[in-house]
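What follows is a set of notes on a single structure, which appears directly below.
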Amino acid sequence: MMRIGMLTSGGDCQALNAAMRGVVKCLYNSGVGGELEIFGFNAGYKGLINSDFRMLTGDDFSGILTKGGTILGSSRVPFKTIDEPDEKGNNKVESMKHTYHKLSLDCLVILGGNGTHKTANRLREEGLNVITLPKTIDNDLWGTDMTFGFQSAVDVATHVIDCIHTTADSHGRVFIVEVMGHKAGWLTLNAGMASGADIILIPEIPYHMDCVINAIKRREARGSKFTILAVAEGAISAEDAKLSKKEYAKKLEKLPFPSVSYEVADAIAKKTGLEVRVTVPGHMQRGGSPCPYDRVFASRLGAEAGRLILKGEYGVMVGYKDREIVRVPLKDVAGKLKTVAPDATIIKEAKMLGISFGDE
Ligand code: F6P
């Protein structure tokens with residue numbers, strides 16, 4: 001009998017179901033289906049901690065290729081808290097190990113982003129067999145060129161900016177679309193470029209308000225009636241970038257705006273007298289059906305995870321490097337972030353297209 005535990009952890013994204021389906025389809029098609037027991041843990045690591053699971057069969061994974069969200073549910077159990085006792089006073093790591101051993105699992109398949117990978121690596125260090133799959137709309141996971149969910153989120157954010165374009169044109173306004181991505185600018189950069197945004201502000205390139213204003217004025221001087229800004233939720237001014245982490249967190253707490261986009265909007269309105277509007281698509285970017293790219297990509301990653309389970313090869317994340325599906329040791333992935341290099345060729349190319357990053 002082969003006994004596999006599966007969980008999805010952290011913020012959800014598109015193609016989580018497609019990836020899990022990929023794993024299970026691969027196992028069934030290899031002929032081990034009859035010997036397979038799948039334990040689906042509810043709501044991420046919480047399910048593993050509380051031994052909260054349901055038994056799944058091949059049928060549960062049928063018809064979910066195009067379904068958004070996750071059939072297992074998800075939650076955030078921050079890595080920094082895993083050594084703190086849970087609400088029942090139990091050590092979370094010990095509880096997870098206990099569940100794993102009690103159910104005599106052969107391995108855990110864990111789908112998640114950065115925080116999830118830190119915990120997955122910790123479980124590996126504790127002797128559990130773990131295989132992970134890289135999900136997140138932020139695409140900020142180290143060790144893989146791409147995470148699933150990312151391309152679908154790019155589609156959603158692009159669609160939002162496309163829609164904003166027509167109304168911005170009608171009214172001759174400045175529009176800011178705030179894009180998710182946490183501390184990485186991948187989503188904003190790609191959606192911004194795909195939708196022809198004029199100014200793109202990402203966390204990796206701190207912006208100067210004067211440069212942003214100049215970029216708007218240059219457009220006005222050329223006769224453009226409107227300007228579109230794609231602003232990452234983690235965008236930061238050059239001034240604020242000089243603050244320590246603690247000082248910046250304090251500043252954010254006291255910010256009289258819901259987010260940095262509104263602060264940028266306020267400064268633009270005051271300095272130019274132009275009418276500015278902010279649109280925040282928020283969690284829409286994580287929702288809905290995965291795009292075709294993500295369906296294929298997540299299925300491929302899932303299939304490879306299935307193959308590794310059959311070989312008994314654990315302790316790795318299945319990732320994507322130089323157009324190949326690869327295995328990356330979990331110990332190398334955990335705790336690292338993949339961000340946009342300010343001198344990346346894509347940034348240079350975007351600048352050649354006339355896009356301002358607010359830095360010059
Ligand atoms: O990591 C995915 C993500 O959507 C980020 O882009 C965003 O900063 C965060 O999750 C939002 O988290 P929550 O869903 O907990 O509000």
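Which of the residues spanning segment 26-52 are within 16 Å of the ligand (Cβ to nearest atom), open to solvent by 10 Å² or more (accessible area, probe 1.4 Å) and in a loop (DSSP other than H, G, I, E, B)? Reasoning before the result, please.
Quick first cut of segment 26-52, residues within 16 Å of the ligand (Cβ to nearest atom) only: 43-46.
Applying the additional criterion that residues be open to solvent by 10 Å² or more (accessible area, probe 1.4 Å) yields 43, 46.
Ala43, the sole residue that qualifies.
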- [ ] Residue by residue through segment 1-25, note down the ones that are open to solvent by 30 Å² or more (accessible area, probe 1.4 Å) and more than 16 Å from the ligand (Cβ to nearest atom).
- [x] Met1, Met2, Arg3, Arg21, Lys25
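Looking at the structure I just gave you, is Asp59 part of a loop (DSSP other than H, G, I, E, B) and among the acidic types (Asp, Glu)?
Values: part of a loop (DSSP other than H, G, I, E, B): no; among the acidic types (Asp, Glu): yes.
So Asp59 does not fit the description; no.
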Open item on the list: So, in segment 6-40, how many residues would count as being modelled with pLDDT of 95 or more and farther than 28 Å from Tyr293 by Cβ?
Closed with: 3
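Which members of segment 76-85 meet the condition of being open to solvent by 20 Å² or more (accessible area, probe 1.4 Å) and assigned to a loop (DSSP other than H, G, I, E, B)? If you could, list the steps in order and put the result at the bottom.
Within segment 76-85, the subset open to solvent by 20 Å² or more (accessible area, probe 1.4 Å) is 76-81, 83-85.
Hits for segment 76-85 are Arg76, Val77, Pro78, Asp83, Glu84.
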Task: Matching option when the condition is more than 16 Å from Tyr207 (Cβ to Cβ) and either within 16 Å of the ligand (Cβ to nearest atom) or of a type in the set (S, T, N, Q) (or both), among Ser289, Ser259 - done: Ser289
Open item on the list: Anything in segment 294-322 that is in contact with an Asp or Glu (Cβ under 8 Å, 6 or more places away or on another chain) and either surrounded by 22 or more Cβ atoms within 10 Å (Cβ to Cβ) or assigned to a strand (DSSP E or B) (or both)? List them, or say none.
Closed with: Ile309, Val318, Gly319, Tyr320, Lys321
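Would you check if there is a residue in segment 158-167 being of a type in the set (A, V, I, L, M), within 11 Å of the ligand (Cβ to nearest atom), closer than 22 Å to Glu349 by Cα and not assigned by TED's automatic domain parsing to the domain that holds Ser9? Before the answer, list the steps.
From segment 158-167, those of a type in the set (A, V, I, L, M) are 160-161, 164; that's our starting set.
When the remaining residues are screened for being within 11 Å of the ligand (Cβ to nearest atom), the result is none.
Scanning segment 158-167, I find no residue that is of a type in the set (A, V, I, L, M), within 11 Å of the ligand (Cβ to nearest atom), closer than 22 Å to Glu349 by Cα and not assigned by TED's automatic domain parsing to the domain that holds Ser9, so the answer is no.
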Task: Among residues of segment 76-105, those that are within 16 Å of the ligand (Cβ to nearest atom) and either touching a residue at least 12 places away in the same chain (Cβ under 8 Å) or at positive phi (or both), counted - done: 4
Task: Total residues in segment 97-150, condition more than 20 Å from Gly319 (Cα to Cα), crowded, with 21+ Cβ neighbours inside 10 Å and in contact with an Asp or Glu (Cβ under 6 Å, 6 or more places away or on another chain) - done: 0
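Considering Leu128, Leu108, which residue is closer than 25 Å to Met1 by Cα and assigned to a loop (DSSP other than H, G, I, E, B)? Walk me through it before giving the result.
Details: Leu108 fails: assigned to a loop (DSSP other than H, G, I, E, B).
Result of the check over Leu128, Leu108: Leu128.
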- [ ] Quickly run through segment 205-230 and pick out the residues that are open to solvent by less than 30 Å² (accessible area, probe 1.4 Å), in contact with a Gly (Cβ under 9 Å, 6 or more places away or on another chain) and not in a helix (DSSP H, G or I).
- [x] Ile205, Tyr207, Ile228, Leu229, Ala230
Open item on the list: If Lys271 satisfies all but one of (1) under 29 Å from Asp155 (Cβ atoms); (2) away from the ligand (no atom under 16 Å from the Cβ); (3) touching a residue at least 60 places away in the same chain (Cβ under 8 Å); (4) open to solvent by 60 Å² or more (accessible area, probe 1.4 Å), what's the number of the condition it fails?
Closed with: (1)
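The values are calculated or read from the model by the stated rules, or taken from the named source; none is laboratory data. For clarity, every value in this text was computed on a predicted model and none was experimentally measured. Virtual Cβ from ideal backbone geometry, glycine too; neighbours counted across all protein chains shown. Just the protein is used for accessible areas: all its heavy atoms, side chains included, with ligands, DNA and RNA removed. Shrake-Rupley method; radii C 1.70, N 1.55, O 1.52, S 1.80 Å.
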